[in-house]
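A.B. asks: My questions will all concern the structure given below.
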Amino acid sequence: METAGVLCWNPALVQMENAKAESIHDPEWFTDAFTVSSVNQSKFKGYAIGLPLDHHEICDSGNLGDPRVANREIAEKIYVPVMDVLVDLINELRKIKVNVKNREFVEKA
């Protein structure tokens with residue numbers, strides 16, 4: 001989806017000659033009781049559990065899926081219909097008063 005989106009909005013940024021399909025794999029630290037299903041879901045003893053993982057833990061290139069199948073038409077069907085809704089959401093969020101405080105996330109890579 002991401003590759004299709006960039007092909008739609010700024011195709012000069014996409015280097016399809018470098019694109020390759022990649023499957024996800026279990027992180028090195030998983031025991032045999034775990035298997036990975038996606039970035040946000042894994043299984044423990046066959047039961048689905050929410051376990052967020054970083055891309056580098058489950059794929060070697062940081063790419064999930066096959067970007068070679070991406071094209072502008074896919075992005076137009078997916079992204080364009082929701083653009084007006086996203087603009088409305090942003091404008092509505094701007095009406096909300098927010099008190100921003102500095103926060104440090106020193107443990108996050």
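Nothing in this text is a laboratory measurement; each read-out follows from the coordinates by a stated rule. If you're wondering where the values come from, they're calculated on a predicted model, not measured in any experiment. So basically every Cβ, Gly included, is an ideal-geometry build from the backbone, and we count neighbours across all protein chains shown.
A.B. asks: Please arrange Glu76, Glu92 by how many other C-beta atoms lie within 10 Å of their C-beta, fewest to most. Please list the in-between numbers first.
C.D. replies: Details: Glu76 14, Glu92 9.
Least crowded to most crowded, the residues run Glu92, Glu76.
A.B. asks: Within a 10 angstrom radius of the beta carbon, how do Leu93, Leu7 rank from fewest other beta carbons to most? Each step should come with its number before you reach the end.
C.D. replies: Numbers: Leu93 9, Leu7 21.
So the residues, fewest neighbours to most, are Leu93, Leu7.
A.B. asks: Now, a different point. Hey, quick one: spin label on Glu22, modelled 7 Å out along Cα-Cβ, who in region 61-99 has an amide N within reach, i.e. under 11 Å?
C.D. replies: The answer is 61-67.
A.B. asks: Suppose we look only past 18 Å in the calculated P(r) of the chain. What percent of the Cα-Cα pairs does that tail hold? Intermediate results must be reported in sequence, preceding the final value.
C.D. replies: Working: 3994 of 5886 pairs.
In whole percent, the long-distance tail amounts to 68.
A.B. asks: Next question. Report the calculated FRET efficiency for Asn63 and Val87 (r = Cβ-Cβ distance, R0 = 41 Å), to the nearest 0.05. Walk me through the numbers on the way to the answer.
C.D. replies: Details: r = 29 Å, r/R0 = 0.71.
In this case the efficiency is close to 0.90.
A.B. asks: Lys77: which aspartates and glutamates have alpha carbons under 20 Å from its alpha carbon, excluding same-chain residues fewer than 8 sequence positions away?
C.D. replies: Cross-link targets: Glu2, Asp66, Asp88.
A.B. asks: Okay, moving on. Taking the Cα centre of region 2-93 as the origin, how large is its charge dipole in debye, to the nearest 20, when only Lys and Arg (+1) and Asp and Glu (-1) carry charge on their Cβ atoms? Walk me through the intermediate numbers first.
C.D. replies: On the way: 6 positive and 15 negative charges, 46 e Å.
Dipole of region 2-93, to the nearest 20 debye: 220 debye.
A.B. asks: Same structure, new question: Loop by DSSP (not H, G, I, E, B), at most 12 other beta-carbon atoms within 10 Å: where is the longest site-free stretch of the chain for trypsin sites (Lys or Arg not before Pro)? Write down the numbers at each step before the final one.
C.D. replies: Working: sites that count: Lys20, Lys45, Arg94, Lys95, Lys97, Lys101, Arg103, Lys108.
By the stated rule (loop sites, at most 12 other Cβ atoms within 10 Å), 46-93.
A.B. asks: How do Val106, Val69, Val6 line up, fewest other C-beta atoms within 10 Å first? Walk me through the numbers before you get to the answer.
C.D. replies: Working: Val106 4, Val69 11, Val6 17.
Going from sparsest to densest Cβ surroundings: Val106, Val69, Val6.
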